[in-house]
Amino acid sequence: MVKQYDIVIIGRGAAAFSAAIKASELSEGKVSIAMVGNGPLGGTCVNVGCVPSKYLIESASKYYYSFKKTFPGIQSNKPSLDFNELMKGLHGLVQTLRKEKYEKVINAYSNVDTFEGTANFVSAKEIEVNKSLRIRGRSFLVAVGSSPSAPPIEGLSDVGYLDSNNVWDLKYIPKSIVVLGGGAIGLELGQAFLHLGSEVSVVEAAPNILPPAEPDISEMLRAHLEEEGMSIITKARVVRVFRKNGKKSVEMVGSAGKKVLETEEILVATGRKPNTSTLNLDKANVNTDSKGFIITDERMRTSNPSIYAAGDCISKKLMLETLAAKEGTVAVSNILGRDESIDYSSAPWAVFTTPQVASVGYKEEEFMKLNGSCSCRVLSLQDVPKAGIIGESIGLTKIVINPSNRKVVGVHILSPYATEIIMEGVYAVKLGLTYEDIIGTTHVFPTLAESLKIASQAFLRDVSMMSCCVE
Ligand SMILES: Cc1cc2nc3c(=O)[nH]c(=O)nc-3n(C[C@H](O)[C@H](O)[C@H](O)COP(=O)(O)OP(=O)(O)OC[C@H]3O[C@@H](n4cnc5c(N)ncnc54)[C@H](O)[C@@H]3O)c2cc1C
């Protein structure tokens, strides 16, 4: 049996949902949409990504920092920890959000039919679902996302490991964890388990953790994580994993030679691969890059003009929920005859460690290469009055400007609440504000968001010799 739809969406994560909703709204429910997906409804973000990771990070940090001294005269708490109850709470939240934000929402759109199953192309106009049902479409949106990718390390799959898909099934807190990969996921989950009491070692091949960040930020974050007790080994490659004395052993080679770490668990966070290998994209004339990510233009169109792609499965720099959703809406807007494209230059990214990292626009080195000249200021968190009031000292704000017009082209923050504060930087980069525009805008005192204003003032004066609120 062959079913026919105007738009066929493969996938049911952030990109797919935003696309189905946008297409329904733009057409006032007139286009027929098929949404085909396997795995839990809602895809990565709600089930195994943003939602459970931020829950674990937040709860673990509340637990850990409640042992620490806060203000003089206030004794630290000694809370107890029941990991199974904590994980019950996590799974409960995931289930509720899946139901409320995905299942109920999509059921409200009568023009969208959902199909459970794995899809692959049989031609440029038709897919097969679970090798039984056939669906033909006028246009297609491929939004199949990505999966954790483990490097081909000898012994790794025999010994067994955790990744960001299955770590949520843990029934106990491992005594020790070796994390392979010092990127966002490795550091977020690594610090969460450190806060819950695991001994955590992070192994990273690059010279520093969080390679996409400004070097000042990675270095300061590294020093802080080490201060908290995380062991960080950089410039090292894991070459073999084996069992010894009932424990997992991770053998690595680095600048200091060979090293073996014994551990209870291994968490692999070395990157992600696109879920495109079984889609038969060649039958649909859809081109991919050498890693299998689908190549699109800025209108999300693939090499086949009636097939679009969005989300983690496309070839791009950042894998983020917000971008996946935006790409999904851009794709269907164009399918429905609009002319929309996506602006990646002001898309922020963040890492929810403590303190948090958030970034938008160019780094110093990138803008220097592009423009030939660049001007920057780095403000220590200690120069922000609010930080002193709340007892925070680890962090910095870096502003990158184009010296020819004083416009802000990049903002990079390491600070508590950096993921919230960065939005001020996003507007500055997106709207082409100058540092004078930021200085001339009244900020709330005392706030950590003032860091951007004070960092801007650093272009004009010595901010360490400045009284509060001076413009
Ligand atoms: C641990 C972790 C933490 C994260 N934290 C954040 C964060 O804090 N903020 C943020 O912005 N982003 C975060 N992300 C990234 C974010 O989750 C993803 O960028 C986003 O969910 C991608 O959405 P998507 O729609 O492209 O793919 P997905 O949500 O993965 O959806 C793809 C869907 O397609 C289905 N599918 C795959 N192949 C087929 C097939 N052949 N047939 C049918 N269906 C198929 C899959 O089962 C899935 O349901 C995090 C990711 C992880 C792993």
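The values are calculated or read from the model by the stated rules, or taken from the named source; none is laboratory data. Because the structure is a prediction, the values reported are computed rather than measured. Backbone-built Cβ (ideal geometry, glycine too); neighbour counts: all protein chains shown. Heavy atoms of the whole protein, side chains included, go into the accessibility calculation; ligands, DNA and RNA do not. Shrake-Rupley method; radii C 1.70, N 1.55, O 1.52, S 1.80 Å.
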Inset, instruction - Provide the per residue accessible area, probe 1.4 Å, for the chain, rounded to a whole number of square angstrom. - result: 46 Å²
Legend entry - Cβ-placed point charges (K, R +1; D, E -1), dipole of the chain about Cα centre in debye, nearest 20: 900 debye
Legend entry - More than 18 angstrom apart: percent of Cα pairs within region 90-177: 68 percent
Inset, instruction - Give the peptides 24-37, 64-77 in descending order of average Cβ contacts within 10 Å, highest first. - result: 24-37, 64-77
Inset, instruction - Sort 277-289, 9-21, 118-130 for me by packing, meaning the mean count of neighbouring Cβ atoms within 10 Å per residue, highest on top. - result: 9-21, 118-130, 277-289
Inset, instruction - State the answer as a single residue: which of Ile7, Asn47, Leu210 lies farthest towards the positive end of the charge dipole of the chain, with beta carbon charges of +1 for Lys and Arg and -1 for Asp and Glu, about the Cα centre. - result: Ile7
Inset, instruction - Using only the alpha carbons, work out the radius of gyration and Dmax of the chain in angstrom. - result: 24.0, 76
Inset, instruction - Out of all DSSP beta bridges with both ends in the chain, state the antiparallel percent to the nearest 5. - result: 60 percent
Inset, instruction - Return a whole-number percent for the relative contact order of the chain, with Cα pairs under 8 Å and 6 or more residues apart as the contact set. - result: 15 percent
Inset, instruction - Rounded to the nearest 500, what is the 222 nm mean residue ellipticity of the chain from helices alone, with -39500 (n - 2.57) per DSSP H run of 4+ residues and division by all residues? - result: -9000 deg cm²/dmol
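Can you give the Kirkwood hydrodynamic radius of region 227-335 from its Cα pairs, in Å with one decimal?
One over the average 1/r among Cα pairs gives 17.3 Å for region 227-335.
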Inset, instruction - For the chain, find the longest principal axis of its Cα atoms and tell me its angle to the long axis of helix 14-26, 0 to 90°, nearest 10. - result: 60 degrees
Inset, instruction - Please state, to two decimals, what the Cα-based radius of gyration of region 164-246 comes to when divided by 2.2 N^0.38 Å (N = residues). - result: 1.11
Inset, instruction - Would you mind checking the tilt of helix 215-228 against the longest principal axis of the Cα atoms of the chain, expressed as 0 to 90 degrees and rounded to 10? - result: 70 degrees
Inset, instruction - Compute the projected area of the convex hull of the Cα atoms of region 355-465, averaged over all viewing directions, and report it in nm² to one decimal place. - result: 6.3 nm²
Legend entry - Total charge dipole magnitude, region 181-228, about the Cα centre, Cβ charges on Lys, Arg, Asp, Glu only, Debye to nearest 20: 160 debye
Inset, instruction - Provide the gained length on full extension for the span Val444 to Glu366, in nm with one decimal, where the gain is 0.36 nm per separating residue minus the Cα-Cα distance. - result: 24.9 nm
Legend entry - Within region 355-465: Cβ-based charge dipole about Cα centre, in debye rounded to nearest 20 (Lys, Arg +1; Asp, Glu -1): 200 debye
Inset, instruction - Determine the gain in length on full extension of the stretch Lys283-Lys175; use 0.36 nm per residue of separation and subtract their C-alpha separation, reporting nm with one decimal. - result: 34.0 nm
Inset, instruction - Would you mind telling me the antiparallel percentage of the DSSP bridges in region 355-465, rounded to 5? - result: 100 percent
Inset, instruction - Mind giving me the nanometre distance, one decimal, between the label points for Ser132 and Arg338, set 7 Å out from Cα along Cα→Cβ? - result: 3.7 nm
Legend entry - Furthest towards positive pole of dipole, Leu56, Phe115, Phe17, structure part region 1-125, Cβ charges: Leu56
Inset, instruction - Can you find, among Val250, Leu221, Leu170, the residue farthest towards the positive end of the dipole of region 156-270? Put +1 on the C-beta of Lys and Arg, -1 on that of Asp and Glu. - result: Val250
Inset, instruction - Return the carbon/sulfur percentage of the accessible area of the chain, one whole number, probe 1.4 Å, all protein chains in place. - result: 51 percent
